[in-house]
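Undergrad: Have a look at the structure that comes next, please.
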Amino acid sequence: MSRQIFLDTETTGLEPRLGHRIIEVAGVEMVNRQLTGQYFHRYLNPDREIDAGAEAVHGISSTFLQDKPRFADIADDLIEFIDGAELVIHNASFDIGFLNHEMGLLGRPDITTWCTVLDSLKMARDLHPGQKNNLDALCRRYDIDNTNRTLHGALLDAELLASVYLGMTRGQDSLIMELPAETNPNQPRVNLARLTLKRIPPNAAELALHQQTLEAIQKESKGACLWLAQALQG
């Protein structure tokens with residue numbers, strides 16, 4: 001049985017070493033590529049103020065969190081939910097860094113003591129190099145409805161990530177499907193070798209944005225952007 005938890009957090013800021021804390025954590029369960037309907041979702045009182053920039057992203061206020069539990073109150077429930085699963089997280093180093101920080105404040109081992117971690121951002125970058133691979137971009141790429149995502153929210157983002165993951169790994173379905181015992185051997189089979197993929201060339205706006213991205217990488221890398229060098233040679 002393959003059990004995965006698609007997990008996301010929202011925080012008071014960007015850096016746990018500066019005392020920032022988790023204020024929302026959520027995960028949805030998938031078993032054998034099927035969502036089970038089981039989920040974990042908690043808002044948390046961080047006992048500190050929320051950076052204005054962070055609040056602008058997720059819309060969660062300190063006032064809203066005043067009566068919410070602390071991380072210490074929900075740690076055991078979270079561990080029980082993720083125990084033995086593979087966590088799938090977009091930009092995993094960020095969320096795992098915060099989760100490990102919270103566990104450290106409690107004198108407990110890192111969160112990976114109970115689970116393994118798959119970074120879906122790395123997966124997306126491997127599949128779509130040189131393209132935007134944030135969650136909104138991936139939802140557009142895989143035709144996933146994210147119109148309700150006006151602000152970041154851990155539970156909604158975890159659910160969207162599960163759909164994105166299925167889109168990115170759709171070709172793996174054939175590796176885990178088994179023919180039912182009652183399959184008719186005379187049933188016509190689809191000849192996959194005859195199928196062709198539709199090629200959608202980029203439009204002018206997308207090409208211009210791609211060029212801007214390459215030029216930004218060229219500037220940040222002090223002239224070491226290989227993609228731009230190859231484009232100029234071509």
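Undergrad: Which fully enclosed helices (runs of 4 or more DSSP H) of the range 143-234 have 1 or more residues being at pLDDT below 75 and more than 30 Å from S61 (Cβ to Cβ)?
TA: 173-176, 204-220, 226-233
Undergrad: Here's something else I'd like to know. If a residue has to be hydroxyl-bearing (S, T, Y) and either farther than 22 Å from A92 by Cβ or not assigned by TED's automatic domain parsing to the domain that holds L166 (or both) to count, how many in the range 37-71 make the cut?
TA: 3
Undergrad: Kindly indicate whether E10 is part of a strand (DSSP E or B), within 21 Å of T112 (Cβ to Cβ) and out of contact with any Asp or Glu (no Cβ under 9 Å at 6 or more places or on another chain).
TA: No; evaluated as a whole, the condition is false for this residue.
Undergrad: Out of the residues in the range 69-108 that are in contact (Cβ under 8 Å) with a residue 40 or more places away in the chain and in a loop (DSSP other than H, G, I, E, B), state the one that is surrounded by the fewest Cβ atoms within 10 Å (Cβ to Cβ).
TA: Only one residue fits best here, namely G84.
Undergrad: Conditions first: (1) within 18 Å of the chain's Cα centre (by Cα); (2) modelled with pLDDT of 95 or more. N45 passes all but one, so which condition is the exception?
TA: (1)
Undergrad: Within the bounds of the range 42-63, is there any residue that is under 22 Å from T116 (Cα atoms) and either surrounded by fewer than 18 Cβ atoms within 10 Å (Cβ to Cβ) or free of Cβ contacts under 8 Å to residues at least 24 places away in the same chain (or both)?
TA: Scanning the range 42-63 turns up no residue that is under 22 Å from T116 (Cα atoms) and either surrounded by fewer than 18 Cβ atoms within 10 Å (Cβ to Cβ) or free of Cβ contacts under 8 Å to residues at least 24 places away in the same chain (or both).
The values are calculated or read from the model by the stated rules, or taken from the named source; none is laboratory data. Predicted model only: the values in this text are computed from it and were never measured. Methodologically, a virtual Cβ is constructed for each residue, glycine included, from the backbone with ideal geometry; neighbour enumeration extends over all protein chains shown.
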